[in-house]
Amino acid sequence: MVIKPRIRGFICVTAHPEGCREHVREQMAYVQKQGVISGMPKKFLIIGSSTGYGLASRIVAAMGCRADSIGVFFERPEEAEHPASAGFYNARALDAYARAEGLLSESINGDAFSDAVKEEAIELIRRHLGQVEAIIYSLASPRRTDSRTGETYRSVLKPIGQPFHGKTVHTDKKEIGEIHLEPASETEIRETIRVMGGEDWRRWLEALRTAGVLARNIQTWAYSYIGPELTRPIYAEGTMGQAKRDLEETARCITDDLSGLDGRAFIVINKAVVTQASSAIPVVPLYMSILFRVMKQKGLHEDCIQQMDRLFREQLAQGEQALRDAEGRIRLDDWEMRLDVQEEVRKIWPQITTENLEELSDFAAYQQDFLKLFGFGFPYVDYEADIPLTH
């Protein structure tokens, strides 16, 4: 079939297998160009590894650290007349490229929140790696079913305490509009924490430690975001912010749990980049469009793979010498949150309209990056070709 992008709201419901393969290849080429990263673990487990920061991390681990890896994700496979999700194609391409480089690259497509997938990962580690030396937790999900209780929780992006009314961009229409969000209920706050907080991260580490598949000096880290004043009411001070604070507290608990192995857990605060998760957050796509323009003008802009490459090379490879804030977090949002950058964004924000959107922001680049997530917009891919689906 000929696969074209079909966008509904903040998501593209189609993905192009050749385009996704090209996207992975492009990111791998960037990392390889930077050279090998010394002093890094060689056996990785990456939970949430098919898109965004998780995918980029697995690419840097493979091409930069020359590491073996097991990735866990939950993606839609191909069906008759229906292409798979982008993450499915990303993972398939990554496994093929990494194996061609002589690296072990295994993937598990299943519910990472479930005990069954944790057991499957443990068996793969035993069979192929013996033990893992580094674990990345990079899950973003709208819901989670607790396999121990059978209860399903749903996450929401809402303010807490009072309604939020602000400016946003309707990405499919290229129009500036207004958004109104009512405050979250106590149940919504609690369920968002259960989905996007640290409970499942800790369960993964407990299962792996009990199974004896964690190496001494094990490192594990989770990705988070804080963001600027503009997004604070619906992110840092909203339901997601509560979940991220739980994630940070969990890092401290996991470090205590791993004391017998001299292991440690920590949080990495990333900058705003275009991912499937960030595209779903109200206000954020408009903020990123302005931010990208400002950061490019100052020579500071990074996309997802550039950000992860910097994390591994300039922070993780430094071990205890890595730069951390007062809470012990690695801050990769340092360039985004520079005072001069944020001041420029604040100046542009009240001026932006549908009419001047492309003049005052880099919305075109945002759209281009968004389409690339689903394998579209690559010059060397024939988008008129009939693609056989190998379901």
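Points worth noting:
- Test result for Ile290, assigned to a helix (DSSP H, G or I), surrounded by fewer than 21 Cβ atoms within 10 Å (Cβ to Cβ), of a type in the set (Val, Ile, Thr) and modelled with pLDDT of 90 or more: no
- Evaluation of Asp95 against the conditions (1) surrounded by fewer than 23 Cβ atoms within 10 Å (Cβ to Cβ); (2) touching a strand residue (DSSP E or B) at 6+ places or on another chain (Cβ under 7 Å); (3) over 19 Å from Leu373 (Cα atoms) shows that the sole unmet condition is (3).
- Selection within segment 175-205 - touching a strand residue (DSSP E or B) at 6+ places or on another chain (Cβ under 9 Å) and in contact (Cβ under 8 Å) with a residue 60 or more places away in the chain: Glu175, Ile176, Ile179, Leu181, Asp200, Trp201, Trp204, Leu205
Rundown of residues vs (1) modelled with pLDDT under 95; (2) under 23 Å from Gly87 (Cα atoms), yes/no style:
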| site | (1), (2) |
| --- | --- |
| Arg127 | no, no |
| Gly130 | no, no |
| Glu151 | no, no |
| Arg154 | no, yes |
| Asp172 | yes, yes |
| Val195 | no, yes |
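- Helices (runs of 4 or more DSSP H) lying entirely in segment 294-391 (those with 1 or more residues that are within 22 Å of the chain's Cα centre (by Cα) and within 30 Å of Glu249 (Cα to Cα)): 304-310
- Residue check, Arg21 among the basic types (Lys, Arg), at pLDDT 95 or above, surrounded by fewer than 24 Cβ atoms within 10 Å (Cβ to Cβ) and over 14 Å from Ala134 (Cα atoms): yes
- Segment 27-74 - residue that is polar (S, T, N, Q) and over 13 Å from the mean Cα position of the chain (by Cα) and, of those, farthest from Phe113 (Cα to Cα): Gln34
- Candidates are the residues of segment 200-222 that are touching a Leu at 6+ places or on another chain (Cβ under 9 Å) and of a type outside the set (A, V, I, L, M, F, W, C); the one that is farthest from Met308 (Cα to Cα) is Arg209.
- Residue within segment 89-103 that is within 15 Å of Ile387 (Cβ to Cβ), part of a loop (DSSP other than H, G, I, E, B) and of a type in the set (Ser, Thr, Tyr) present: no
- The set of residues in segment 82-117 being of a type in the set (A, V, I, L, M, F, W, C), farther than 21 Å from Val2 by Cβ and in contact with a His (Cβ under 9 Å, 6 or more places away or on another chain) consists of Leu104 alone.
- Tally, over segment 128-151, of residues that are without any contact (Cβ under 8 Å) to a residue 12 or more places away in the chain and closer than 14 Å to Ile108 by Cα: 0
- Condition met for Arg338 (modelled with pLDDT of 95 or more, basic (Lys, Arg) and surrounded by 11 or more Cβ atoms within 10 Å (Cβ to Cβ)): yes
Yes/no per residue for (1) among the hydrophobic types (A, V, I, L, M, F, W, C); (2) in contact with a Lys or Arg (Cβ under 9 Å, 6 or more places away or on another chain):
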position: Arg245; (1), (2): no, no
position: Ala251; (1), (2): yes, yes
position: Asp257; (1), (2): no, yes
position: Val273; (1), (2): yes, no
position: Gln276; (1), (2): no, no
position: Val283; (1), (2): yes, yes
position: Ser289; (1), (2): no, no
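- Residue in segment 268-277 that is of a type in the set (A, V, I, L, M), within 30 Å of Ala207 (Cβ to Cβ) and surrounded by fewer than 23 Cβ atoms within 10 Å (Cβ to Cβ) present: yes
- Contact map, segment 332-354: first residue within 25 Å of Met308 (Cβ to Cβ), second residue assigned to a helix (DSSP H, G or I) and among the hydroxyl-bearing types (Ser, Thr, Tyr), Cβ cut-off under 8 Å, separation 6 or more or different chains; pairs are Val345/Tyr287.
- Looking across segment 4-52, just one residue is among the aromatic types (Phe, Trp, Tyr) and part of a loop (DSSP other than H, G, I, E, B), and that is Phe10.
- For segment 241-275, residues that are within 21 Å of Leu55 (Cβ to Cβ) and part of a loop (DSSP other than H, G, I, E, B) total 6.
- Here is the figure for segment 116-136: residues that are of a type in the set (Lys, Arg) and either under 9 Å from Leu45 (Cβ atoms) or in contact with a Phe, Trp or Tyr (Cβ under 7 Å, 6 or more places away or on another chain) (or both) total 1.
The values are calculated or read from the model by the stated rules, or taken from the named source; none is laboratory data. In this text, all values refer to a predicted model and were calculated from it rather than measured experimentally. All Cβ positions, glycine included, derive from the backbone under ideal geometry; neighbour counts span all protein chains shown.
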